[in-house]
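Chemist: Can you keep this structure in mind? I'll have questions shortly.
The values are calculated or read from the model by the stated rules, or taken from the named source; none is laboratory data. Bear in mind the structure is a predicted one, so any value in this text is a computation, not a measurement. Reconstructed Cβ throughout: ideal geometry from the backbone, glycine too, with neighbour counts over all protein chains shown.
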Amino acid sequence: MKEMDIGQVSRWSGLPASTLRYYEEKGLIRSIGRHGLKRVFNESVIQRLSLIALGRTAGFSLDAIAEMLVAEGGPAIDRARLQEKADEVDRTIKQLCAIRDGLRHAASCPEANHLDCPKFQRLMGIAARNAAKHKHRLPKEI
């Protein structure tokens, strides 16, 4: 069993030591002791950090990831939850594709005034309905 201090884990993962300490507080990872003032981890922490990174990339919260990472015996991944997340990603992709297509159309629209374009009018209507569904949440700036 190879041991790694928090600095080594930080360098390997690219995460600051403060994030590793936070993950430990949340129960996502566990140190096996200390050498002086430095926390020491079993090398298996690398696999757990990879699982955490995968979960974050997929859009799961740290609390949801913690639920899927049991302390002993490996992860307890909820397959139904993964399917729900995949469906959510599909919806996001569809919405982003519509936004992309709308932007491309607006950029090359032959009408002198975009408001005279029937396709642009449809796009505005879709955007208004989506804004109403999402309680007028504005997207983050690109």
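Chemist: In the stretch 54-109, which residue that is β-branched (Val, Ile, Thr) and under 30 Å from ASN42 (Cα atoms) is nearest to the chain's Cα centre (by Cα)?
Modeler: Quick first cut of the stretch 54-109, residues β-branched (Val, Ile, Thr) only: 57, 65, 70, 77, 89, 92-93, 99.
Retained after the next criterion (residues that are under 30 Å from ASN42 (Cα atoms)): 57, 65, 70, 77.
Numbers: THR57: 4, ILE65: 11, VAL70: 20, ILE77: 16 Å.
Restricting to residues being β-branched (Val, Ile, Thr) and under 30 Å from ASN42 (Cα atoms), the top hit is THR57.
Chemist: From the list GLU24, GLU67, pick out the single residue that is of a type in the set (Asp, Glu), at pLDDT below 90 and surrounded by 13 or more Cβ atoms within 10 Å (Cβ to Cβ).
Modeler: Among GLU24, GLU67, only GLU67 is of a type in the set (Asp, Glu), at pLDDT below 90 and surrounded by 13 or more Cβ atoms within 10 Å (Cβ to Cβ).
Chemist: Also: Only one of ARG122, ARG48 is in contact with a Leu (Cβ under 8 Å, 6 or more places away or on another chain) and among the charged types (D, E, K, R). Can you tell me which?
Modeler: ARG48
Chemist: Another question, then. For the stretch 28-43, state whether one or more residues are within 22 Å of the chain's Cα centre (by Cα), part of a loop (DSSP other than H, G, I, E, B) and surrounded by fewer than 14 Cβ atoms within 10 Å (Cβ to Cβ). Spell out the reasoning first.
Modeler: Narrowing the stretch 28-43 to residues within 22 Å of the chain's Cα centre (by Cα): 28-29.
Subset that is part of a loop (DSSP other than H, G, I, E, B): 28-29.
With surrounded by fewer than 14 Cβ atoms within 10 Å (Cβ to Cβ) added as a condition, the list becomes none.
No, the stretch 28-43 contains no residue that is within 22 Å of the chain's Cα centre (by Cα), part of a loop (DSSP other than H, G, I, E, B) and surrounded by fewer than 14 Cβ atoms within 10 Å (Cβ to Cβ).
Chemist: With respect to LEU15, is the statement that it is of a type outside the set (D, E, K, R) and assigned to a loop (DSSP other than H, G, I, E, B) true?
Modeler: Yes; evaluated as a whole, the condition is true for this residue.
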